[in-house]
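S.K.: Please find one structure pasted underneath; my questions will follow.
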Amino acid sequence: MKWPWSWRSAKDGGYLVIGLGNPGAHYAATRHNMGARAVRALAAQEGWSWKRQRTLLVEQANGVRHGKELHLVVPMTYMNESGRAVGRVVRHDKWPVDRILVVVDDVALPLGRMRLRAHGSSGGHNGLKDIRAHLGTDAYARLRLGVGSPGDGQHGHQDLADFVLDPFAPQEQGSVNEMERRAAQVIDVLLTEGLERAMEEAQR
């Protein structure tokens, strides 16, 4: 089902930023939770508190950054059902598609690399596939955070499904922390200078 994207949000000028992952402490430190981890790190940096919105299937933290309203969301659904939660939030708050940013892990990028795109396919990512199914569009921005892959010569030949559900190795934590910092910086540029400039920032 497609939503009427002509709706304008009451938070015009702000952004809905969605960090994908799996719920619960068991998954918190895994590669598949890099999107949720980066969004939670931004909330912690600002001192924003999280509130469970059970009817929307999300945890949400709201605030103002650089004079713009920022609504941070982490789905309480499992990754493969991310679209259920995203669809509810978008419908409930009438978010236009050009004010949505999804932050997500990407095994096609080396650890620490990131890429911001205005739209695009799921790239095989099940969370993005489900969002596509519920929103009926791929025309939302997504910030992909590189988590490495089992075929990169550094992680052996582990099965991909097991790889993304494993925690980062101790020697990788420095890169993970830096990626959290840079993700927040990219979001800052998005808020203050727009999408094109933020895309350049992500490539640095």
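Where a number appears in this text, it was derived from the coordinates with a stated rule and is not lab data. It should be emphasised that the depicted structure is a prediction, and the values quoted were computed from it without experimental measurement. Glycine gets a Cβ as well: all are built from the backbone with ideal geometry, and neighbour counts include every protein chain shown.
S.K.: Fewest to most neighbouring Cβ within 10 Å: what's the order for I131, I187?
M.R.: Details: I131 29, I187 26.
Result, fewest neighbours first: I187, I131.
S.K.: I've got another one for you. In Å and from the alpha-carbon atoms only, list the Rg and Dmax of region 80-166.
M.R.: Values for region 80-166 (Cα only, Rg and Dmax): 14.2, 45 Å.
S.K.: What does the charge add up to near G83, with Lys and Arg as +1, Asp and Glu as -1, over the other residues with Cβ less than 10 Å from its Cβ? Write down the numbers at each step before the final one.
M.R.: Working: positive: R84, R88, K129, R132; negative: E81, D130.
It works out to a net charge of +2.
S.K.: Here's another thing I want to ask about it. Highest mean first, what order results for 72-85, 161-174, 107-120, 27-40 on Cβ atoms within 10 Å?
M.R.: 27-40, 72-85, 107-120, 161-174
S.K.: 222 nm [θ] for the chain, helices only, -39500 (n - 2.57) per DSSP H run of 4+, per residue, to 500? Each step should come with its number before you reach the end.
M.R.: On the way: 6 runs with 70 residues, N = 204.
Computed ellipticity for the chain at 222 nm equals -10500 deg cm²/dmol.
S.K.: Under 5 Å between amide H atoms, partner at least 5 residues away or on a different chain: which partners does Q53 have, H built in plane at 1.01 Å?
M.R.: Under 5 Å from the amide H of Q53: V58, E59, Q60.
S.K.: Okay, next question. Determine ³J(HN,Hα), in whole Hz, for all residues of region 30-45 in sequence, where each value follows from phi through the Karplus function 6.51 cos²θ - 1.76 cosθ + 1.60 and θ = phi - 60°; x replaces Gly and Pro.
M.R.: Whole-Hz 3J(HN,Hα) from phi for region 30-45: 7, 4, 5, 9, 4, x, 5, 4, 5, 5, 5, 5, 5, 4, 5, 4.
S.K.: Moving on. Which value does Rg/Rh take for region 60-122 over its C-alpha atoms, Rh per Kirkwood? It would help to have the intermediate numbers written out before the result.
M.R.: On the way: Rg = 13.4 Å, Rh = 13.8 Å.
Using only Cα positions, Rg/Rh for region 60-122 is 0.97.
S.K.: Within the chain, what is the number of lysine pairs with alpha carbons under 19 Å apart, leaving out pairs fewer than eight places apart on the same chain? Mind showing how you got there, number by number?
M.R.: Working: K2/K94; K2/K129; K11/K51; K11/K68; K11/K94; K68/K94.
Close lysine pairs under the 19 Å cut-off: 6.
S.K.: So, one more: Just from the alpha-carbon atoms, what are the Rg and Dmax of region 15-203 in angstroms?
M.R.: In Å, with Rg to one decimal and Dmax whole: 15.3, 47.
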